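A.B. asks: The structure's right below; bear with me while I get my questions together.
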Amino acid sequence: MPTYARFDLAFERGEGPYLFTADGRRYLDFAAGIAVNALGHAHPHLVAALQAQSEKLWHCSNLYQIPDGIRLAERLVAASFADQAFFCNSGAEAVEGAMKLVRRYHFAKGQPERTRIITCRDAFHGRTMTALSAADNAKHLEGLGAVSPGFDHVPYGNMNELRAAITAETGAILVEPIQGEGGIHSADPAYLQALRQVCDEFDLLLIFDEVQCGMGRTGKLFAYEWAGVAPDVMALAKGLGGGFPLGAFLASEKAAAGMTPGSHGSTFGGNPLAMAVGNAVLDVMLAPGFLDQVQATAKTLRQELSTLVTRHPRVLAELRGTGLMLGLKCVVPNGDLVKRLSENQLLTVGAADNVVRLLPPLIIEDAQLREAVEIIDGVCRDWPQNTA
Ligand SMILES: *Cc1c(COP(=O)(O)O)cnc(C)c1O
């Protein structure tokens, strides 16, 4: 179905931060499958893990124990605020699972009426009906009729409106620590801290959607770590499987109190192939020095891009974001810039608010950063006068 406005481009293979077309053209990939290929393409450790597992067992149902899933859950728990994990296949499913957990939490406490969730404008939580209803993006909801009930929308970063939206039926607050699709808006640490406080005050569960900003993207394993604030529940996907479809929601033991046998499930979620790759991703991300390297690389990229923003005010307005989750707010139409960059063999991805996102794989090296910066510099320098 024609649901995507696709580029006239197809890739045959990838290697690290590069993608190759069948006729051998090489592209530097700063879209990374929209923050999915966190370790680049064809990472040898991930390939080996997938190959080895593929010869043993692909799928065996959650009727049985899946030892690699227990191991992945234990490692995610050890590396985060959480005590428990549920595996699924995508970000939207992780967000929806987190919403079910909220209802079950209050139900188990004898307050089944507390089903409403406060969410933020310009948010993105996925494409299922309920995830769309949570985000309330008019463009995404067009033609879909009645939205799922149970969401109260407030402006991102505004505590007064958020407090005013709390009622006796509110059960949780759901936010992205950095809004990705919305245009790379980073939450102020003070905002995340205030959300934590208000959740503690009213016995609300705090859910962070780290589907895009988690898994090392900001230079810490999870973006919330920068603010020193732990949520009660967190949705993950994208980078978690490094390209294999894998999502998860994690929760504290207290928040997961209502998740009893039969309260949630998934046929494919947590299958042995996904678990083998998820563990391989963590092998790389948790290795000593990996995240320090991401932070160092991010610092270099930030410096270089700031220079470009100053140098090309006709084209670029502002640099946003944290770590390797960066956005260039444009003066020219963002889609035009994405197109010209791709014509110069640099892949990026647009976001709302006229932003071009730069989401390079976390394994990117300084020489490859410089290559990207030179391409952006050249495209901006040659930008036609009349369209600026
Ligand atoms: C991409 C994304 C989702 C949805 O993930 P899918 O795997 O496409 O369902 C949810 N939340 C955020 C913040 C995302 O960036």
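A.B. asks: With every protein chain kept in the model, how would you rank T119, T267, T130, T167 by accessible area, 1.4 Å probe, largest at the top? Display every interim value, and only then the final one.
C.D. replies: Numbers: T119 0, T267 100, T130 40, T167 75 Å².
Largest accessible area first, the residues go T267, T167, T130, T119.
A.B. asks: Taking a threshold of 26 Å on the Cα-Cα distance, which of the pairs K109/K238; K109/K220; K238/K329; K100/K238 fall above it?
C.D. replies: Values: K109/K238 33 Å; K109/K220 34 Å; K238/K329 23 Å; K100/K238 21 Å.
Violating the 26 Å limit, Cα to Cα: K109/K238; K109/K220.
A.B. asks: For the chain, what does the relative contact order come out to in percent, with C-alpha contacts under 8 Å and a separation of six or more?
C.D. replies: Relative contact order here is 23 percent.
A.B. asks: Counting residues in the range 45-285 as N, plug N into 2.2 N^0.38 Å and put the Cα Rg over that result.
C.D. replies: On the way: Rg = 17.4 Å, N = 241, 2.2 N^0.38 = 17.7 Å.
For the range 45-285, the normalised Cα radius of gyration is 0.98.
A.B. asks: Accessible area per residue for the chain in Å², computed with a 1.4 Å probe and the full protein assembly in place, what is it?
C.D. replies: Values: 17050 Å² over 388 residues.
I get 44 Å² per residue for the chain.
A.B. asks: Additional query: For S186, tell me the accessible area in Å² from a 1.4 Å probe, rounded to the nearest 10.
C.D. replies: S186 has an accessible surface of roughly 50 Å² with all protein chains in place.
A.B. asks: Once every DSSP H run of n ≥ 4 in the chain is given -39500 (n - 2.57) and the sum is divided by its residues, what mean residue ellipticity at 222 nm do you get, rounded to the nearest 500 deg cm²/dmol? Mind dumping the intermediate values first?
C.D. replies: Working: 12 runs with 139 residues, N = 388.
For the chain, the value works out to -11000 deg cm²/dmol.
A.B. asks: How many nm separate the modelled label positions at E365 and E201, each set 7 Å beyond the Cα in the direction of the Cβ?
C.D. replies: Distance between label points: 5.2 nm.
A.B. asks: Right, next: At a probe radius of 1.4 Å, what is the per-residue accessible area of H45, in Å² to the nearest 10?
C.D. replies: Surface open to solvent at H45 totals about 80 Å².
A.B. asks: Of F202, F81, F7, which has the most accessible area and how do the rest follow, probe 1.4 Å? Walk me through the numbers on the way to the answer.
C.D. replies: Values: F202 85, F81 40, F7 115 Å².
From most accessible down to least: F7, F202, F81.
A.B. asks: Dipole size in debye (nearest 20) for the chain around its Cα centre, Lys and Arg Cβ +1, Asp and Glu Cβ -1? Before the final figure, lay out each step's value.
C.D. replies: Working: 33 positive and 42 negative charges, 33 e Å.
The calculated dipole for the chain is roughly 160 debye.
A.B. asks: Provide, in order from the shortest bin, the percent of all Cα-Cα pairs of the range 171-292 in each 10 Å bin, continuing until the bin that contains the maximum pair distance.
C.D. replies: Over the range 171-292, the share of Cα pairs per 10 Å bin runs 13, 39, 36, 13, 0 percent.
A.B. asks: Okay, moving on. According to a simple spin-label model (label point 7 Å from Cα along Cα-to-Cβ), what is the distance in nm between K109 and R127?
C.D. replies: 3.5 nm
A.B. asks: Could I ask something else about it? For the pair D382/D23, report the inter-label distance in nm, with labels modelled 7 Å from Cα in the Cβ direction.
C.D. replies: 1.8 nm
A.B. asks: In terms of solvent-accessible area of protein heavy atoms at a 1.4 angstrom probe, what is the ranking of D377, D200, highest value first?
C.D. replies: Details: D377 30, D200 100 Å².
Order by accessible area, largest first: D200, D377.
A.B. asks: Report the Cα-based extents of the range 23-82 along its three principal axes, largest first, to the nearest Å.
C.D. replies: Cα spread of the range 23-82 along its principal axes, largest to smallest: 46, 34, 18 Å.
A.B. asks: A further question follows. Might you work out the accessible area of I364 for me, using a 1.4 Å probe with all protein chains in place, and round it to the nearest 10 Å²?
C.D. replies: Roughly 10 Å² of I364 is accessible to a 1.4 Å probe.
A.B. asks: Using the Cα atoms as the points, what is the convex hull volume per residue of the range 212-284 in Å³? Could the numbers behind the result be given before it?
C.D. replies: On the way: hull volume 7.4 nm³, N = 73.
For the range 212-284, the hull spanned by Cα atoms encloses 101 Å³ per residue.
A.B. asks: In whole percent, and with a 1.4 Å probe on the protein chains, what portion of the accessible area of the range 226-368 is carbon and sulfur?
C.D. replies: Working: 2760 of 5150 Å².
Roughly 54 percent, rounded to a whole number.
A.B. asks: Same structure, new question: Using a Förster distance of 45 Å, how high is the FRET efficiency between T167 and W58, based on the Cβ-Cβ distance and rounded to 0.05? Display every interim value, and only then the final one.
C.D. replies: Details: r = 47 Å, r/R0 = 1.03.
Computed FRET efficiency for T167 and W58 comes out at 0.45.
The values are calculated or read from the model by the stated rules, or taken from the named source; none is laboratory data. The structure presented is a predicted model; accordingly, all values stated were derived computationally and were not measured. Note that we place each Cβ from the backbone using ideal geometry, even for glycine, and neighbour counts take in every protein chain shown. Each accessible area value is taken on the protein alone, full model and side chains, heavy atoms only, with ligands, DNA and RNA left out. Shrake-Rupley method; radii C 1.70, N 1.55, O 1.52, S 1.80 Å.
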